[in-house]
Structures are given as structure tokens and as C-alpha cells.
1. For a quick check of your reading of the model, give me the residue pairs whose first member lies in the range 27-50 and is at positive phi, whose second is surrounded by 15 or more Cβ atoms within 10 Å (Cβ to Cβ) and not aliphatic (A, V, I, L, M), with beta-carbon atoms closer than 8 Å and at least 6 apart or on different chains.
2. Taking only pairs six or more apart or across chains, which ones have beta-carbon atoms under 7 Å, a first residue in the range 103-114 that is assigned to a helix (DSSP H, G or I), and a second residue that is of a type in the set (G, A, S)?
3. Got a number for residues in the range 115-149 being modelled with pLDDT of 90 or more and in a loop (DSSP other than H, G, I, E, B)?
4. Which of (1) in contact with a helix residue (DSSP H, G or I) (Cβ under 6 Å, 6 or more places away or on another chain); (2) not assigned by TED's automatic domain parsing to the domain that holds G119 does K63 not meet, given it meets every other one?
5. When the residues of the range 14-31 are narrowed to those that are over 20 Å from E41 (Cβ atoms) and either of a type outside the set (K, R) or surrounded by 12 or more Cβ atoms within 10 Å (Cβ to Cβ) (or both), which ends up farthest from the chain's Cα centre (by Cα)?
6. Starting from residues that are over 12 Å from F144 (Cα atoms) and buried (at least 18 other Cβ atoms within 10 Å of the Cβ), keep the ones in the range 66-114 and report whichever is farthest from the chain's Cα centre (by Cα).
7. Can you tell which of K44, K52, K7, K60 is surrounded by 12 or more Cβ atoms within 10 Å (Cβ to Cβ) and assigned to a helix (DSSP H, G or I)?
8. State all residues of the range 102-133 that are touching a strand residue (DSSP E or B) at 6+ places or on another chain (Cβ under 7 Å) and within 12 Å of V72 (Cβ to Cβ); if no residue qualifies, say none.
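The values are calculated or read from the model by the stated rules, or taken from the named source; none is laboratory data. Fair warning: this is a prediction, and the values are worked out from it, not measured in the lab. Glycine gets a Cβ as well: all are built from the backbone with ideal geometry, and neighbour counts include every protein chain shown.
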Amino acid sequence: MEVILKKDIPNLGDADELITVKNGYARNYLIPKGYAILATESMKKVLAENIKQKAYKEEKVRKEAETLAKAVENITVKIGAKAASTGKIFGSVNAMQIADAIKNQFNYNIDRKKIVVDGDSIKEVGTYSATVKLHRDINVAINFEVFAE
């Protein structure tokens with residue numbers, strides 16, 4: 001029996017995928033749980049249209065991510081932090097502070113959840129790098145400098 005998956009199911013398939021399963025599995029498990037719908041001719045046409053629209057949206061998001069990646073790949077962000085005379089920072093520099101600094105200095109909106117700081121945490125004054133995951137396969141390295149205020 002052919003069904004269209006509505007959700008990702010491990011070892012079976014991804015959402016919006018047309019798969020063939022045994023009749024009992026589809027009727028007794030997948031369809032009643034809401035994991036799949038029966039693949040009729042009209043549902044196959046709807047699925048094809050949804051896949052086409054999703055591909056268009058995905059391409060648009062990817063182009064925006066590539067544009068932003070080219071814009072931020074060679075910038076150096078300066079972050080001020082309160083520090084002792086030895087160079088130790090009171091507290092640490094995290095992804096939220098990096099995102100705020102990018103917004104204030106260069107006017108690029110980057111979600112703090114997409115920023116991964118190399119190493120655990122920044123606790124000293126110096127130059128460091130972070131990776132920004134803009135898309136599934138578009139990553140950009142950003143350099144940032146922590147200085148004492």
C-alpha cells in the first residue's frame with residue numbers, strides 16, 4: 001500500500017515522502033496515529049505541488065544565507081568586557097553577546113542559536129573565532145576580539 005508520510009519516521013522515511021508499506025502496517029498504525037495518509041491520485045498531485053513549493057522556498061532561503069555568508073566572512077567583531085588587570089574577564093563571552101555585537105557594529109541579524117563558539121567559553125581578553133551556521137551546509141567563521149573596558 002502506498003502512503004504519504006506526514007512526519008519523519010526513523011528507518012522508514014522523511015515527511016512528504018511517498019513510500020510503500022504493508023497494508024496492515026498502514027491501516028493499523030501509520031494512518032490512525034496520524035503519521036501518514038493514503039496516497040490517492042489527488043494526494044499525489046498535492047504532494048508534488050508541495051514539494052515544488054518547498055524547493056522554491058528552500059532555494060530562496062539558501063540564496064539569502066549565501067549572501068549573508070559572503071557579507072560576514074571577513075569581519076572582525078569587537079566585544080568589550082569588564083576584565084581584571086591580568087586579562088581575566090568577569091564572567092564570560094557567549095553567543096548572545098557576539099550576536100548583539102554583530103547587530104550593533106555591522107547591522108546583520110544573526111540568531112544567537114546559530115553561533116557556535118570554538119572552545120567552551122571565553123574567559124580571557126584576546127582574539128577568538130566562532131562558527132555561524134547559516135544553513136544546513138553553509139557555515140561561516142567569524143573572528144571576534146575581546147577587549148577590556
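1. Pairs found: G34/K6.
2. R112/A95; R112/A99
3. Qualifying residue count, the range 115-149: 1.
4. Against the list (1) in contact with a helix residue (DSSP H, G or I) (Cβ under 6 Å, 6 or more places away or on another chain); (2) not assigned by TED's automatic domain parsing to the domain that holds G119, K63 comes up short only on (1).
5. G24
6. Residue satisfying both the conditions and the ranking: A83.
7. None of the other options fit; the residue is K44.
8. I102, Q105, I110, K114, I115, A130, T131, V132
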